[in-house]
Amino acid sequence: MIHQSKSYIKFIRLAKNRHGVHSPFVYDLVTNCFNDKTKYPEYETLKKHRKALRGDTSKFEMKDFGQGSRVFKGNARKVSAVIKNAGMKKKRQRLLFRLAKYFKSETVLELGTSLGLGTVALSLSNEFSTIQTVEGCPNTLQKAQEYFEKFNLHNIQIHQKLFSEFLQNTHEKFDLIFIDGDHNGERTLEYFHSLLKNVHNNSVIVFDDIYWSKDMTTAWQQIIANDIVTVSIDTFQWGLVFFRKEQAKQHFIIRIG
């Protein structure tokens, strides 16, 4: 937690808004996606889905293949408690929806389904998209799937596998990749290198919790230093990387309101 606090102080000191951005690509992204105040009708579905999960007091056994929880002890967890204490926040869920919508992402990969807050946002962003979501824990995935069906979301393909196992066997190119299920720096770096075969010029990879720990931050720094990454954006909670060959290599630190 000390690492996060120190990192946040540094982030606030260095962060810029759109007026400090001198890249047309990033300026447009910040203006028309990050700062988009449109009240999309899909937000109502996101709200209903979140409310349903928050009202679900059923318990399930969670098998954690990542770095574990800083909140929960033991594996038996209430759905409502997971959403309250460890679920994606409303603002970030809406931002994920806008990102996928802004880039018109049709092939999407999510590593870390959890209870599906991010999955639903991605699913609603584009009726023509296919969302492949990967989760190691069968019980968590089953619970998420129940709600996908309840909300009639039919563009989601679920995979109950370890991330490394799934990545070894997929060669599909993805428009957007969201990594939100393992806060281990070394493994995150391995996922990145494995995913380089799955990206194209206009792909974006979004990494969650880049300041979770020192090793996650080190992994993030190594990722943005990689020659194949041209544009990188640090929003503190999320790090975004792009592979646009037409862009000069630049790094941006952007504060999102």
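The values are calculated or read from the model by the stated rules, or taken from the named source; none is laboratory data. Keep in mind the model is a prediction, meaning the values are calculated, not measured. Methodologically, a virtual Cβ is constructed for each residue, glycine included, from the backbone with ideal geometry; neighbour enumeration extends over all protein chains shown.
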Regarding region 72-92, can at least one residue be identified that is at pLDDT 95 or above, within 15 Å of the chain's Cα centre (by Cα) and either among the polar types (S, T, N, Q) or assigned to a strand (DSSP E or B) (or both)?
no
Can you tell me which residue is surrounded by the fewest Cβ atoms within 10 Å (Cβ to Cβ) among those in region 71-126 that are within 20 Å of Y40 (Cβ to Cβ) and of a type in the set (V, I, T)?
V108
Selected residue [within 26 Å of H193 (Cα to Cα), out of contact with any Pro (no Cβ under 9 Å at 6 or more places or on another chain) and hydrophobic (A, V, I, L, M, F, W, C)] from F103, F128
F103
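Here is a list: L115, L122, L111. Which entry is within 19 Å of the chain's Cα centre (by Cα) and either charged (D, E, K, R) or under 21 Å from N169 (Cα atoms) (or both)? Please lay out each step first, then the result.
Working: L115 fails: either charged (D, E, K, R) or under 21 Å from N169 (Cα atoms) (or both); L122 fails: either charged (D, E, K, R) or under 21 Å from N169 (Cα atoms) (or both).
Answer to the check: L111.
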List pairs: first in region 1-14 and without any contact (Cβ under 8 Å) to a residue 40 or more places away in the chain, second part of a helix (DSSP H, G or I), Cβ under 8 Å, 6+ apart or cross-chain?
none
Matching option when the condition is out of contact with any strand residue (DSSP E or B) (no Cβ under 6 Å at 6 or more places or on another chain) and closer than 14 Å to L109 by Cα, among H159, H171, H154
H171
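How many residues are of a type in the set (G, A, S), out of contact with any helix residue (DSSP H, G or I) (no Cβ under 8 Å at 6 or more places or on another chain) and in contact (Cβ under 8 Å) with a residue 60 or more places away in the chain when one looks only at region 157-203?
Quick first cut of region 157-203, residues of a type in the set (G, A, S) only: 164, 181, 185, 194, 203.
Keeping just the survivors that are out of contact with any helix residue (DSSP H, G or I) (no Cβ under 8 Å at 6 or more places or on another chain) gives 203.
Subsequent filtering for residues that are in contact (Cβ under 8 Å) with a residue 60 or more places away in the chain retains none.
Of the residues in region 157-203, 0 are of a type in the set (G, A, S), out of contact with any helix residue (DSSP H, G or I) (no Cβ under 8 Å at 6 or more places or on another chain) and in contact (Cβ under 8 Å) with a residue 60 or more places away in the chain.
Please find, within region 218-257, the residue that is farthest from I179 (Cα to Cα) out of those that are part of a helix (DSSP H, G or I) and in contact with a strand residue (DSSP E or B) (Cβ under 8 Å, 6 or more places away or on another chain).
Let us first name the residues in region 218-257 that are part of a helix (DSSP H, G or I), namely 218-225.
Adding the requirement that they be in contact with a strand residue (DSSP E or B) (Cβ under 8 Å, 6 or more places away or on another chain) leaves 220, 223-224.
Values: W220: 12, I223: 13, I224: 15 Å.
Taking the candidates together, the pick is I224.
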Run K91 past the list (1) farther than 24 Å from V241 by Cβ; (2) out of contact with any helix residue (DSSP H, G or I) (no Cβ under 6 Å at 6 or more places or on another chain) and report the number of the one that doesn't hold.
(1)
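From D208, D215, which residue is acidic (D, E), crowded, with 21+ Cβ neighbours inside 10 Å and in contact (Cβ under 8 Å) with a residue 24 or more places away in the chain? Before you say what the answer is, go through the steps one by one.
Numbers: D215 fails: crowded, with 21+ Cβ neighbours inside 10 Å.
The match here is D208.
Filter region 146-184 down to the residues that are among the β-branched types (V, I, T) and crowded, with 21+ Cβ neighbours inside 10 Å and list them by number. Please lay out each step first, then the result.
First, the residues of region 146-184 that are among the β-branched types (V, I, T): 156, 158, 170, 177, 179.
The answer is I156, I177, I179.
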